[in-house]
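FYI, it's all coordinate maths here, none of it is from the lab. Just so it is clear, the model here is predicted, and its values are computed rather than measured. Here the Cβ positions follow ideal geometry from the backbone for every residue, glycine too, while neighbour counts run over all protein chains shown.
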Amino acid sequence: MHAIHALWLREVKRYVRSPIQIAVSLAQPMFYLLILGFGLGPVFQSAGKGSYLQFIAPGVIGMSILFSSIFSGIGLLWDRQFGFLKETLVAPVPRHWIMVGRTLGGATVAVIQGTLVMIICLIAGFRPFNLPSIPVAFLFMLMIATVFGALGTAIGSLLQDMQGFQMIMTFLVMPIFFLSGALFPLTNLPSALAFLTRLDPLSYGVDGLRTSLIDVSHFGATMDVVVLAVAASIFIAIGTWCFSRIEV
């Protein structure tokens, strides 16, 4: 347990001590929120869907958590390159504890970033329908961060260089984001697209955030929790197996 806490604390400190990283990580969510939120607002409203800013804000929060948590796997490559990973792996600690500690650290950082994005959304004019439901939104934020933090660690365990990780992340992250319904409603989609959105774990995370923040749901809160919990279990198991195969 001490190893889990130490690795969790290291990941959090790495993020908090870099104000430039924090500022840069908030740039893309602000771009989607402000430009799309206000730019497409009249079109969305004329279609009878209400405020697009209200609709897109939970999606932008989910997007920021996705990017932050899944790219936490890059830290594994840095540790491999500079020798810290070797020192960690030779320690008398079960490797699954190390993997869990790294995943929880990346997930915590992602939740912090999601919280900052939520504050920006509130400043921009977003208003949750019910303040007591905000803790439920944080539960969904943590579940999203855990799912994709474990996935990022698993992929980072299999790769040797930074370039390969960035290519795979670009190939995975953008489809995951665009198929999640973060930018558009999931109702009345073509059957093929609707099928793909149901395969995307982030779809259930964004839906859970919308349920808790604006009381709009497509799958239902129970389905969202179940799918995210199953996805987290699967990715943690895969990540643990991949991490255990790293050679010192």
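Starting from 0.36 nm per residue, how many nanometres of slack lie between residue 241 and residue 78 once their C-alpha separation is accounted for?
Residue separation times 0.36 nm, minus the Cα-Cα distance, leaves 56.7 nm.
Taking neighbour Cβ counts within 10 Å as the exposure measure, how do 80, 127, 245, 102 sort from fewest upward?
In order of increasing Cβ crowding within 10 Å: 245, 127, 80, 102.
Determine, from the Cβ-Cβ distance of residue 35 and residue 217 and an R0 of 30 Å, the FRET efficiency 1/(1 + (r/R0)^6), rounded to the nearest 0.05.
With a Förster radius of 30 Å, E is 0.70.
Where Lys and Arg each count +1 and Asp and Glu each count -1, what net charge lies around residue 228 among other residues with Cβ under 15 Å from its Cβ?
Combined, the nearby Lys, Arg, Asp and Glu give -1.
Extending each Cα 7 Å along its Cβ direction at residue 119 and residue 96, get the distance between those two points in nm, one decimal.
Calculated label separation equals 3.7 nm.
³J(HN,Hα) across the range 57-72 via Karplus (A = 6.51, B = -1.76, C = 1.60, θ = phi - 60°), whole Hz, x for Gly/Pro?
Rounded to whole hertz, the list is 4, x, x, 5, 4, x, 5, 5, 5, 4, 5, 5, 6, 6, 7, 5.
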